[in-house]
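Okay, structure first, notes after.
The values are calculated or read from the model by the stated rules, or taken from the named source; none is laboratory data. Just so we're clear, the structure is a prediction, and the values are computed from it rather than from any experiment. Glycine gets a Cβ as well: all are built from the backbone with ideal geometry, and neighbour counts include every protein chain shown. For accessibility, only protein heavy atoms count, side chains too; no ligands or nucleic acids. Shrake-Rupley method; radii C 1.70, N 1.55, O 1.52, S 1.80 Å.
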Amino acid sequence: MVTVTSTLPAPDADQVATHLFRLSIGVFFIGGFLTSSVSLLVPQLKLMLHLDYRQALLVQLAFHSSYLLFALPITWAIVRNGYMRAIVAGLAVMMTGCLALTIAQTALSFAMVMGALLLLSAGQTFLQIATNTVVAVIGPSRGASRRLTLLQGFNSLGTVLGPLVSAPLLLTELDASAARSMDATLPFLGTALVTALLILAYIRYRNLLAHGETQSLAGTRQMFQLIRLRRLKWGTAAIFFYVGAEVAIGALLPTILMRPDRLGVTPVVGGQLVSLYWGGAMVGRFIGAWMMTRMNEHRLLLVVALGAVALTLAAIILPGVVGASALIAVGLCNAIMYPTIYALALPADDRQAPVASMWLCMAVVGGAIIPVITGAFADVIALLPALVVPAACYAFIARFAALCAQPQEQSS
């Protein structure tokens, strides 16, 4: 099991936490920007390479599968080498993936795009596990939730700006009314540049935790015993379905908004309107934080999960602006889901939190599997009816929220 203890005096510990928070702002922002920009590759590749929905949504399979493939070895690497080196390694892998993706786009090779996205995802997995954990455990424990919530706000800012900046670049070749002078590789070249600057910043502070980290890793048997805890087991499944539903809707939203029976917009405008979906998550976090002062977290999770089910079904049934707006509004319901599920699923024993976090991070692989299933349904039964898949995912989250009304079991 990963444990972290600090031998630094209190003022130094506060200074370390401050430096880590400032460094992490860039990591969370660029992670959000990259995630929402990658979603725009779905409509781009579908139209340019004449793919069906299932094939196009393999983009999300490649981008999210590393959370399952590499989470355990990455956790081992973090334990062996420390948080700061792990974050540098993750940024370097992500930068390499961005450069590989620009080459793949230029070559119009679907196989190369898949490989580049898997590389990007491996870097993201490093950062997801290392950054979330180190920000939570280094510094005053009383402020851990506030620090993570603020950083998630910067991540949401990145997801909002991603479509606004990237859609005119990635989707211009699909829009007959758009200028042809822009380069579709620029979003990922820009991300590689920002990532390189973050690498230099982390290298500068590489010894920040030199005297503050001591770690050990639980054995395989203890890891699998932990996942048998009811809250953690159901919470891991809830993260799987949440990420899958959110990514599936985000990836299909531009194509849905382009439909004549919805908004009938151009590809570029459809891509930019996705920023409203991701922006709902940013706004919803502040609304959710206020509402949590007035109702229990599990009750609020139940309300937003049922709201997401209703809005997704409304998007299937209702035509025009109303149906399109309903699907965009699902972003508001998504806002509190990840942090709330994450917090509710953690064991009562704080010493087990790091290994539990590894299981929860592995569940992000839902973003790889659920979109492909949704795409397969779209090919068979049509695009809009296929939204029953994310609706079912939100129904499962509502079931998890109801389960959390019961007292949490204690681990042995």
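Data overview
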quantity	calculated
Yes/no for Phe400 being hydrophobic (A, V, I, L, M, F, W, C) and open to solvent by 10 Å² or more (accessible area, probe 1.4 Å)	no
Residue match in segment 355-373 (condition: at pLDDT 95 or above, aromatic (Phe, Trp, Tyr) and either open to solvent by 10 Å² or more (accessible area, probe 1.4 Å) or within 26 Å of Ala315 (Cβ to Cβ) (or both))	no
Answer from Phe224, Phe286 - the residue that is among the hydrophobic types (A, V, I, L, M, F, W, C), over 30 Å from Thr75 (Cα atoms), out of contact with any helix residue (DSSP H, G or I) (no Cβ under 7 Å at 6 or more places or on another chain) and assigned to a helix (DSSP H, G or I)	Phe286
Qualifying residue in segment 64-74 (condition: touching a Phe, Trp or Tyr at 6+ places or on another chain (Cβ under 6 Å) and closer than 17 Å to Leu118 by Cα)	yes
Every residue from segment 89-99 that is of a type in the set (A, V, I, L, M, F, W, C) and open to solvent by 30 Å² or more (accessible area, probe 1.4 Å)	Ala89, Ala92, Val93, Met95, Leu99
Residue within segment 108-131 that is open to solvent by 10 Å² or more (accessible area, probe 1.4 Å) and aromatic (Phe, Trp, Tyr) present	yes
Answer residue from segment 282-298, given it is farther than 30 Å from Ser166 by Cα and at pLDDT 80 or above and is most open to solvent (accessible area, probe 1.4 Å) among those	Arg294
Pick from segment 1-31, criterion part of a helix (DSSP H, G or I) and among the hydroxyl-bearing types (Ser, Thr, Tyr), ranking: modelled with the highest pLDDT	Ser24
Tally, over segment 32-57, of residues that are assigned to a helix (DSSP H, G or I), more than 13 Å from Leu108 (Cα to Cα) and open to solvent by 40 Å² or more (accessible area, probe 1.4 Å)	3
Segment 179-205, subset assigned to a loop (DSSP other than H, G, I, E, B) and buried (at least 17 other Cβ atoms within 10 Å of the Cβ), residue modelled with the highest pLDDT	Thr185
Single residue of segment 58-89 satisfying the filter (part of a loop (DSSP other than H, G, I, E, B) and touching a residue at least 60 places away in the same chain (Cβ under 8 Å)) that is nearest to Asn132 (Cα to Cα)	Gly82
Residue in segment 386-395 that is part of a helix (DSSP H, G or I), touching a helix residue (DSSP H, G or I) at 6+ places or on another chain (Cβ under 7 Å) and over 18 Å from Ala251 (Cα atoms) present	yes
Complete set of residues in segment 335-354 that are among the hydrophobic types (A, V, I, L, M, F, W, C), more than 14 Å from the chain's Cα centre (by Cα) and either at pLDDT 80 or above or part of a helix (DSSP H, G or I) (or both)	Ala343, Leu344, Ala345, Ala353
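Quick grid of which residues meet (1) under 24 Å from the mean Cα position of the chain (by Cα); (2) within 28 Å of Phe63 (Cα to Cα); (3) open to solvent by 30 Å² or more (accessible area, probe 1.4 Å); (4) not β-branched (Val, Ile, Thr):
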site: Gln225; (1), (2), (3), (4): no, no, yes, yes
site: Ala248; (1), (2), (3), (4): yes, yes, no, yes
site: Met258; (1), (2), (3), (4): no, yes, yes, yes
site: Gly280; (1), (2), (3), (4): yes, yes, no, yes
site: Leu300; (1), (2), (3), (4): yes, no, no, yes
site: Ala308; (1), (2), (3), (4): yes, yes, no, yes
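A quick yes/no check of all residues on (1) closer than 21 Å to Ala386 by Cα; (2) of a type in the set (A, V, I, L, M, F, W, C); (3) part of a helix (DSSP H, G or I):
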site: Leu276; (1), (2), (3): no, yes, yes
site: Arg299; (1), (2), (3): no, no, yes
site: Leu302; (1), (2), (3): no, yes, yes
site: Ala305; (1), (2), (3): yes, yes, yes
site: Ala308; (1), (2), (3): yes, yes, yes
site: Leu311; (1), (2), (3): yes, yes, yes
site: Ala324; (1), (2), (3): yes, yes, yes
site: Ile328; (1), (2), (3): yes, yes, yes
site: Cys333; (1), (2), (3): yes, yes, yes
